[in-house]
Structures are given as structure tokens and as C-alpha cells.
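*Asks:* One structure follows; several queries about it will come next.
Where a number appears in this text, it was derived from the coordinates with a stated rule and is not lab data. Values in this document were obtained by computation on a predicted structure and should not be read as measured data. Methodologically, a virtual Cβ is constructed for each residue, glycine included, from the backbone with ideal geometry; neighbour enumeration extends over all protein chains shown.
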Amino acid sequence: MAKQKYYVVWEGKQPGVYSTWAECQAQTDHYTGAKYKSYESKAAADAAYTAGWKGNWGTGSSASGAAKSKGTSSFKQSATVETSEEIDYNSISVDVGTRGNPGPVEYKGVDTQTGDIIFSCGPIKKGTNNLGEFLAIVHALALLKKEGSNKTVYSDSVNAMKWVKQKKVATTLPRDASTEEIWVLIDRAERWLQTNTYDNKVLKWQTKEWGEIKADYGRK
């Protein structure tokens with residue numbers, strides 16, 4: 001059973017502390033400059049809400065999330081994935097919804113600033129969370145290349161980001177009749193990575209600091 005989380009909304013349609021992701025999402029979707037974050041306990045969420053978003057949401061000191069969207073972010077390179085210390089709102093955020101792992105998979109990419117859905121795919125008959133994340137990142141990169149856009153891509157899957165860098169997945173999911181659909185998409189995504197270049201940053205979404213990624217399906 002998933003552990004109970006509490007969601008603080010500092011900037012949204014109706015700021016407050018909420019006990020479900022669906023309630024939090026209702027207050028932050030399509031709200032420019034929304035600031036929200038999840039906590040493990042009601043006490044921690046209440047304290048964070050009272051203290052305000054500065055020092056709790058992200059690491060920047062700007063008074064407005066919207067003000068960051070056109071500014072420059074500072075980046076750091078870890079041993080495995082690249083991350084940003086502040087949210088780059090000129091970006092697409094991707095995430096996956098699954099019903100079992102492996103199980104049916106769907107994914108989408110949204111505008112990080114507004115939450116508007118830019119693309120979606122699925123449900124795919126059978127796959128894994130990481131494979132869905134991989135496909136979502138490549139889908140975003142291919143779309144941005146087609147549009148000539150330099151937008152950043154955010155994902156909360158370290159494994160999928162590694163596979164994108166390696167241009168090949170590393171999975172134990174078998175190739176059989178039940179997984180044929182997702183393997184066709186994986187093979188196509190790998191070919192795209194191997195035959196295309198891109199300048200877009202693919203960054204790790206910092207869930208602990210920023211709350212759930214904007215594309216989250218709320219299936220925790």
C-alpha cells in the first residue's frame with residue numbers, strides 16, 4: 001500500500017495543505033507559477049506551508065516561478081545524470097502511468113509552466129515504468145527537433161535518462177506476443193537516437209525539492 005503523502009500548495013488556485021495528489025493537481029494545473037511540494041507527514045506539510053515557499057520550494061530565491069522561466073538556471077553534472085538547481089520552465093516534463101510493473105503503460109509530455117498536455121501515448125498493452133519513461137523522453141526530443149526548439153526535457157527516471165544517453169535500453173522485459181507493441185516503439189526510439197543529434201538538455205526532475213513532476217499521473 002502506498003504511503004500517505006501530504007501536498008503543500010503555496011501558489012495555486014487555492015493555497016493550502018492537501019491529502020491527495022488529485023486535490024493538489026486541481027489547484028496547480030494551468031496555474032502560471034504554481035509552487036507545490038509533497039511531504040511525508042501532515043506536521044511537516046503544515047510547518048512548510050506556514051513557513052512559506054522560500055527555503056522549501058526549489059532552491060532559488062526568486063519571488064516568482066514565472067520569473068524563472070525566462071532566466072538562466074545553474075546546472076550541475078552528477079556521475080550519472082544532469083540536474084538543475086532551479087526549474088527551467090522553458091521545458092517539457094514527461095511521466096508514465098502504469099497498472100502493474102510490467103503492465104499496461106501510458107505516457108505524456110506537458111508544458112512545465114502550465115501543465116498543458118503536449119503529447120500522450122497509450123495505453124500500451126504491456127511494458128515497464130522505465131521503458132515508458134524512455135519512450136516519453138525520446139518522443140519529446142523528436143518533437144522538439146522537428147519544431148526546432150531548444151526546450152529542456154525533464155524526467156524523474158534516472159534509468160531512462162541513462163538509456164537515452166547510451167541510445168539503448170537495458171531491460172529484462174522479454175520479447176513475446178504480449179510485449180510486441182512496446183518493443184516496436186523501443187526499437188524505433190533507439191534508431192532515432194542512433195541517427196539523430198539534439199542540443200536539448202535532458203534533466204532530472206528534483207522531486208524532493210520541487211514536488212511531483214507536472215506530468216505525474218497521480219498513481220502513487
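*Asks:* Within 11 Å, Cβ to Cβ, of W163, how many net charges do the neighbouring residues add up to if Lys/Arg are +1 and Asp/Glu are -1?
*Replies:* So the surrounding residues net to +2.
*Asks:* Another question, if that's okay. Can you tell me which of 126-138, 42-54, 88-100 comes out highest on packing, and rank the rest after it, using the mean Cβ neighbours within 10 Å?
*Replies:* Taking the mean over residues of other Cβ atoms within 10 Å, the ranking is 126-138, 88-100, 42-54.
*Asks:* Going through the cross-link list K13/K42; K125/K162; K37/K204; K108/K208; K37/K126, which pairs have a Cα-Cα distance over 28 Å in this structure?
*Replies:* With Cα atoms farther than 28 Å apart: K37/K126.
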